[in-house]
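Engineer: The structure that follows is given in the form of structure tokens.
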Amino acid sequence: MAGKSALLLGASGLVGGELLNCLLSAPEYEKVQILVRKPLGFKHLKLEEHVIEFENLAQHKECFKVDDVFCCLGTTIKKAGNRKDFKKVDVEYPLEISKLAKEFGAVKFLVVSSMGADLHSKVFYSRMKGLLEENLKEIGFDSLHIFRPSLLLGDRKEVRLGESAAEVLAKGISFAFVGRLKKYKPIEAKTVALGMYKAAQGKETGIYTYRSDAIKEISLI
Ligand SMILES: NC(=O)c1ccc[n+]([C@@H]2O[C@H](COP(=O)([O-])OP(=O)(O)OC[C@H]3O[C@@H](n4cnc5c(N)ncnc54)[C@H](OP(=O)(O)O)[C@@H]3O)[C@@H](O)[C@H]2O)c1
């Protein structure tokens, strides 16, 4: 039987980079397509890299004829420069990608959202993640998996002062993340990537949302 094909967005990022390694070594996938702004600079037999302008996603329709779509796109207000451009990366691109994927027959859509995602939140970031989630639910995928990690841990090339400080603090009080607080415990980007890969192998249909504690559990299956 032929293997599956995957489309990965955000392959140059922390979670996306881990997921790319995972998918390339996974026996279930015979082709892994990535859409990137700049070449990643490495080759692999299964890897098909498309360097594109994300403003023109619809010009790359052939890339969306895949089984499973993994979306790990995201930015920060600081990097984006303003709310409008943040929304483009964290909401508009993922939604356009989901619509194109649905149009071309993708069955599963797996996306990294965030802890606290809430359409009615007063916090802009959480509201945007909530907006993305609500809109994705309307697309009609057989299987939609939403990952809501807490603070991500991993080797990030760029320095993000707020996140680094939060990481140091969280490590110092890691003993406190037990019981009902488990969902707030920082999580390795590698664990999120593994959870996404594992979730994509299930046969179940429907909409699934995973907090950090559930992501950890599914990554261990
Ligand atoms: N950081 C945290 O602690 C945390 C916690 C919970 C949830 N999250 C969410 O988890 C997701 C993944 O986070 P991460 O830390 O892995 O992200 P990341 O390392 O910042 O990677 C983001 C990815 O998005 C791409 N991207 C950014 N701006 C783009 C643009 N204008 N056009 C096209 N692609 C663009 C980046 O590509 P380039 O390399 O080309 O920029 C990169 O591949 C994000 O949605 C984030 O909001 C993060």
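Values quoted throughout were computed directly from the atomic coordinates according to the rules given, and no laboratory measurement underlies them. Note that the structure is a prediction, hence the values are computed from the model and not measured. Neighbour counts run over all protein chains shown; Cβ positions are idealised from the backbone, glycine included.
Engineer: Find the Rg to Rh ratio for the range 4-219, where Rh is the Kirkwood radius over alpha-carbon pairs and Rg uses the same atoms. If you can, show how the numbers build up before the last one.
Structural biologist: On the way: Rg = 16.5 Å, Rh = 17.5 Å.
Dividing the radius of gyration by the Kirkwood radius yields 0.94.
Engineer: Simple spin-label model, 7 Å along Cα-to-Cβ: residue 213 to residue 171 in nm?
Structural biologist: Calculated label separation equals 2.5 nm.
Engineer: Using Cα atoms only, what is the angle between the long axis of helix 189-200 and the major principal axis of the chain, expressed in degrees (0 to 90) to the nearest 10?
Structural biologist: That helix lies at roughly 50 degrees to the long axis.
Engineer: Going through the cross-link list 88/216; 31/182; 46/157, which pairs have a Cα-Cα distance over 31 Å in this structure?
Structural biologist: Those over the limit are 31/182.
Engineer: If every alpha-carbon in the range 131-221 counts as one equal scatterer, what log10 I(q)/I(0) does Debye give at q = 0.12, 0.24 1/Å?
Structural biologist: -0.44, -1.20
Engineer: Put +1 on the Cβ of every Lys and Arg and -1 on every Asp and Glu Cβ in the chain; which of 206, 192, 22 then has its Cα farthest towards the positive end of the dipole?
Structural biologist: 192
Engineer: How many angstrom lie between the C-alpha centres of the range 1-75 and the range 130-189?
Structural biologist: Taking the Cα centre of the range 130-189 as reference, the centre of the range 1-75 is 22 Å away.
Engineer: With +1 on each Lys and Arg Cβ and -1 on each Asp and Glu Cβ, and nothing else charged, work out how big the dipole of the chain is about its Cα centre, in Debye to the nearest 20.
Structural biologist: On the way: 35 positive and 28 negative charges, 134 e Å.
In debye, rounded to 20, the chain gives about 640.
Engineer: Out of 21, 135, 56, any idea which swings most in a Gaussian network model of the chain, alpha carbons joined below 10 Å?
Structural biologist: Among 21, 135, 56, the largest mean-square fluctuation in the Gaussian network model of the chain belongs to 56.
Engineer: Hey, could you pull the Cα Rg and Dmax for the range 52-123, both in Å?
Structural biologist: Here Rg and the maximum Cα pair distance are 13.3, 39 Å.
Engineer: Taking loop as defined by DSSP and a crowding limit of 10 other beta carbons within 10 Å, which chymotrypsin sites (Phe, Trp or Tyr not before Pro) in the range 1-65 fit?
Structural biologist: Qualifying residues, ordered by number: 42.
Engineer: Which of the trypsin sites (Lys or Arg not before Pro) found in the range 148-221 are in a DSSP loop and have at most 16 neighbouring Cβ atoms, other than their own, within 10 Å?
Structural biologist: 156, 157, 160, 203
Engineer: Using just the helices of the chain, give the 222 nm mean residue ellipticity in deg cm²/dmol: DSSP H runs with n ≥ 4 each add -39,500 (n - 2.57), and the total is spread over all residues, rounded to 500.
Structural biologist: After summing the helix terms and dividing by residue count, I get -10500 deg cm²/dmol.
Engineer: Among DSSP beta bridges lying fully in the chain, give the percent that are antiparallel, nearest 5.
Structural biologist: 0 percent
Engineer: If neighbour count is taken as other Cβ atoms inside 10 Å, put 50, 145, 120 in order from fewest to most. Please report the intermediate quantities before stating the final value.
Structural biologist: Values: 50 13, 145 25, 120 7.
Final ranking by Cβ density, sparse to dense: 120, 50, 145.
Engineer: Among the aspartates and glutamates, which fall within straight-line cross-link reach of residue 183, defined as a Cα-Cα distance under 12 Å, with same-chain neighbours fewer than 8 residues apart omitted?
Structural biologist: Residue 183 reaches 213, 217.
Engineer: How far apart, in nanometres, would the label points at residue 221 and residue 104 be if each is projected 7 angstrom from Cα along the Cα-to-Cβ direction?
Structural biologist: Simple spin-label model gives 2.6 nm for this pair.
Engineer: Starting from the exponent 0.38 and prefactor 2.2 Å, build the expected Rg for the range 1-121 from its residue count and divide its actual Cα Rg by it.
Structural biologist: Compared with the compact-globule rule of thumb, the range 1-121 sits at 1.05.
Engineer: Restricting to DSSP loop positions (anything but H, G, I, E, B) with no more than 12 other Cβ atoms inside 10 Å of their own Cβ, which GluC sites (Glu not before Pro) remain in the range 124-221? Present the calculation step by step, with values, prior to reporting the outcome.
Structural biologist: Numbers: sites: 133, 134, 138, 158, 163, 167, 188, 204, 217; in loops: 138, 158, 204.
Loop-located and lightly packed - 138, 158, 204.
Engineer: Amide H to amide H, which residues 5 or more places from residue 188 or on other chains are under 5 Å from it, using H placed in the peptide plane?
Structural biologist: 153
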